[in-house]
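What follows is one structure encoded as structure tokens, with my remarks underneath.
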């Protein structure tokens, strides 16, 4: 089995670009529109949805632009990203104003970040 993509929401294309393109370094595809008929059938959302793919040869995020509000309370769903150099990556997160949550676990830290729209990521 292989995961082909993860579908997440962002409130604005600018937020998506800043996180997935600027921070993660993924290539952005031309935005497409998922028509209301499909959006309703798949997600029970009665409107057209802008969809943007951000990807490289190892990962693929399908981002839907939608004003769905998220809170950071009680989130279990997350995506785990393995980065080449965690310290460098976390420095870039700080420079973009992304809050880093370091959780002690034994002699190591678990590290989590939220993107600009409340999607949770574990960083390895």
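Just so it is clear, none of the values below were taken in a lab; they were calculated from the coordinates. Here the structure is a predicted model, which is why all the values come from computation and not from measurement. So basically every Cβ, Gly included, is an ideal-geometry build from the backbone, and we count neighbours across all protein chains shown.
Of the residues making up segment 43-56, those that are in contact with a strand residue (DSSP E or B) (Cβ under 8 Å, 6 or more places away or on another chain) and either over 24 Å from residue 92 (Cα atoms) or surrounded by 13 or more Cβ atoms within 10 Å (Cβ to Cβ) (or both) are 43, 48, 49, 50, 51, 52, 53, 54, 55. For segment 1-39, which positions are without any contact (Cβ under 8 Å) to a residue 40 or more places away in the chain, part of a helix (DSSP H, G or I) and surrounded by 15 or more Cβ atoms within 10 Å (Cβ to Cβ)? Across segment 1-39, the qualifying residues are 17, 39.
Scanning segment 25-41 for residues that are within 25 Å of residue 80 (Cα to Cα) and out of contact with any helix residue (DSSP H, G or I) (no Cβ under 9 Å at 6 or more places or on another chain) yields a count of 2. Cβ separations smaller than 9 Å between residues 6+ apart or across chains give the following pairs from segment 103-122 residues that are assigned to a loop (DSSP other than H, G, I, E, B) to residues that are loosely packed, with under 10 Cβ neighbours inside 10 Å: 116/97; 118/69; 118/71; 119/77.
To keep it simple, each residue is scored yes or no on (1) surrounded by fewer than 17 Cβ atoms within 10 Å (Cβ to Cβ); (2) on the phi < 0 side of the Ramachandran plot; (3) in contact with a strand residue (DSSP E or B) (Cβ under 9 Å, 6 or more places away or on another chain).
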{"position": "65", "(1), (2), (3)": "no, yes, yes"}
{"position": "79", "(1), (2), (3)": "yes, yes, yes"}
{"position": "100", "(1), (2), (3)": "yes, yes, yes"}
{"position": "108", "(1), (2), (3)": "yes, yes, no"}
